[in-house]
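The values are calculated or read from the model by the stated rules, or taken from the named source; none is laboratory data. All values derive from a computational prediction rather than experimental measurement. Methodologically, a virtual Cβ is constructed for each residue, glycine included, from the backbone with ideal geometry; neighbour enumeration extends over all protein chains shown.
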Amino acid sequence: MSPIELRNVSLSRNYNVVLQNIDITIPAGEWTSIVGPNGAGKSTLVQALAGLVPYEGSIQIGGVELRLIAIKARAQQIAWLEQATATLDSLDFGLRVYDIAMLGRLPHQNWLSIPSEEDCGIVEHAMRQTNVWDLRERFFNQLSGGERQRVLLARLFATQAAILLMDEPIANLDPPHQADWLQWQSALSTQGKTSITVLHEVQLALQADNLILLGFGGIHYQGKSNDPLTHQALIDLFDGRIELAKLGDRWVSLAR
Amino acid sequence: MRPTSFPRVLALVLISIALLCLGALLGSSGIVWSTDTAIVFDIRLPRSAGAWLAGALLGLAGAIAQGVFRNPLADPYLLGSASGALMGVALVLGFSHAISDSGLALIGLNSGAFIGALLGVVAALILAGGYRSSLRLLLSGVVISVILGAGNALFTFVRPDLYQRFQAFMLGNTSLLDWHGVYLMLLVWVACIAIVLLLSAALNALSLGESTAKTLGLPIDQMRLGLIAVLALATGAAVAQTGLIAFIGLAAPHLVRRFASGSQRAHLIMSSLAGGILLLASDLLARTILAPLELPVGIVTAVLGGSYLLLLLRRQTLGVNP
């Protein structure tokens, strides 16, 4: 169990600096949500943690520099779920749902990538968890957006990585499955997984343990999600266009 | 590969063997057991085996192209590999006044075709600025094909004496196949299948998109380059023996996609077997339609394959509909 530490990190995309000289500490074994306006660099930050975007500065996971971890070891340790809109078009080939979920085991397989009994058990468990086991023989490209997203989440969980990065994981899910997703999040926390999510749904982001608020060019605020200071920072981040209210024992946000 | 794939692969192998036997027995005057074993073993058998192998190489190349470029319309002739191979053949023919020895000529033609195919692919890669963008790569492949096609036309214009020999390559022809060519293609086919089996995990990973594939712990870029090299090798070997044969590389992967149950490894092997069956069956057709006159097989595959492509486009089943 080791935290993720970003020190003096700068990220650019297409030669434009997106985030400059940021410092973040993401606690291990907790759920951290990244919130911010469109174009603030939320996805870029998560992709940098997944090893997809080169970075300047230092990102350390348990004291080891991210860029020095071998890709296979990195894949076993860190799993990344792409933003849903990006994956839909590229998937025009006839993979079945089960085979998609099995791809999550690729980092653990040898060079012939033949699934073991253990792989099959893990994949079945992950698919049952996200409620797609009954779809396993269907073709992936024939599923609805929400069903696909649940299959891709099963793929993510099947990696059994200690660090799970999810870029807008619930954008396509209906309300009952959004509620399910919240349960999966708490299950991940009890398993000691570190999960980092990019969320536009502020009230769901508020269910996380920690919030990282990204403004343009840098960190706006980071703190515990139940801290009043974090709430004030969140309202400031969106220029006072949202308000927060307590409903039962949790916080909800409303547009104003 | 799933257990359900094995009987299907076996079925394709059995069809191939049946067609090979038919090819050995089928003469210009119908199915006759020729008492002259030389005709069976030195002419019909190498021709049938060679046609099967060339088709198998093209089917494999097509499956690789469709998997690597995530495009159901990709085939070996995109990427400039086939026209590059033909250019290589043309250059070797043009400069080989001295080489008349058949073994040396064979090696010369094959090396020329392979180098040409590889250069065609590399030129397309450079023009596209890398292999990251599938669309740009396909477009630059088309541009390379047009330019090299013009070069090939120019060659037949300046060397009219070689026009007839070169014409055989342009049309696609299996009647010149001998055992040397068969052994060579067999060697290349076995090597390509072995390499592809090792690299097919990359194709599975790529079905989740490039970025996710890179987070699955495989050296995706290197594996993809390896697959492109296999594509060039398979195309070059086939073109050097039989010339330009259309649509096998496009049709074979489509025909078997629904049988492969989504496994890339099963799909690659089945595409290769289906390509062999398609080309051998077309060759048998080419020998019998106007018997005793023989059509160049490229004409048969172009007509059959073209009609099939038209059907595919009208039914819009270029993805997968089981």
When (1) farther than 18 Å from residue B:177 by Cα; (2) over 20 Å from the mean Cα position of the chain (by Cα); (3) modelled with pLDDT under 85 are applied to residue B:41, the one that fails is (1)
Given the conditions (1) free of Cβ contacts under 8 Å to residues at least 60 places away in the same chain; (2) crowded, with 24+ Cβ neighbours inside 10 Å; (3) not in a helix (DSSP H, G or I), every one holds for residue B:245 apart from (1)
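Table: residues versus (1) in contact with a Phe, Trp or Tyr (Cβ under 9 Å, 6 or more places away or on another chain); (2) loosely packed, with under 15 Cβ neighbours inside 10 Å; (3) closer than 15 Å to residue B:80 by Cβ.
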residue	(1), (2), (3)
B:118	no, no, yes
B:140	no, no, yes
B:160	no, yes, no
B:183	no, no, no
Please find, within segment A:80-97, the residue that is surrounded by the most Cβ atoms within 10 Å (Cβ to Cβ) out of those that are modelled with pLDDT under 90 and closer than 25 Å to residue A:162 by Cβ.
A:82
Hey, does segment A:154-164 have a residue that's more than 14 Å from chain B (Cβ to nearest Cβ), part of a loop (DSSP other than H, G, I, E, B), more than 20 Å from residue B:203 (Cα to Cα) and more than 13 Å from the chain's Cα centre (by Cα)?
no
Could you go through segment A:168-187 and let me know if any residue there is under 21 Å from residue A:5 (Cα atoms) and either in contact with a helix residue (DSSP H, G or I) (Cβ under 9 Å, 6 or more places away or on another chain) or part of a helix (DSSP H, G or I) (or both).
no
Here are some residues: A:56, A:5, A:65. Which one is within 26 Å of residue A:204 (Cα to Cα) and modelled with pLDDT of 90 or more?
A:5
Residue in segment B:92-112 that is modelled with the lowest pLDDT, counting only those that are touching a helix residue (DSSP H, G or I) at 6+ places or on another chain (Cβ under 6 Å) and part of a helix (DSSP H, G or I)
B:106
Residue satisfying condition, being under 26 Å from residue A:201 (Cα atoms) and modelled with pLDDT of 90 or more, within set A:171, A:161
A:161
For segment B:214-263, which positions are away from chain A (no Cβ under 14 Å) and small (Gly, Ala, Ser)?
B:229, B:232, B:234, B:236, B:237, B:238, B:240, B:243, B:246, B:249, B:251, B:252
Residue pairs meeting the criteria (Cβ under 6 Å; at least 6 apart or on separate chains; first farther than 7 Å from residue A:33 by Cα, in segment A:196-217; second of a type in the set (Phe, Trp, Tyr) and assigned to a strand (DSSP E or B))
A:206/A:251; A:209/A:31; A:213/A:221
Positions within segment B:137-167 being aromatic (Phe, Trp, Tyr) and closer than 18 Å to residue B:242 by Cα, in sequence order
B:163, B:166
When residues of segment A:98-143 are limited to those that are in a loop (DSSP other than H, G, I, E, B) and within 21 Å of the chain's Cα centre (by Cα), the one surrounded by the fewest Cβ atoms within 10 Å (Cβ to Cβ):
A:131
Step by step: first the residues of segment B:142-158, then only those that are surrounded by fewer than 18 Cβ atoms within 10 Å (Cβ to Cβ) and under 30 Å from residue B:211 (Cβ atoms), then the one that is modelled with the lowest pLDDT. Which residue is that?
B:142
Just name the residue that is farthest from residue B:227 (Cα to Cα) out of those in segment B:248-269 that are in a helix (DSSP H, G or I) and charged (D, E, K, R).
B:257
Pick out the one residue from A:157, A:139 that is in contact (Cβ under 8 Å) with a residue 24 or more places away in the chain and out of contact with any Pro (no Cβ under 8 Å at 6 or more places or on another chain).
A:157
What number of residues in segment A:1-42 are assigned to a loop (DSSP other than H, G, I, E, B) and surrounded by 14 or more Cβ atoms within 10 Å (Cβ to Cβ)?
10
Can residue B:200 be described as on the phi < 0 side of the Ramachandran plot, of a type in the set (Gly, Ala, Ser) and at the interface with another protein chain (Cβ under 7 Å from one of its Cβ atoms)?
no
Failed condition for residue A:206, given (1) within 18 Å of residue A:24 (Cβ to Cβ); (2) more than 14 Å from chain B (Cβ to nearest Cβ):
(1)
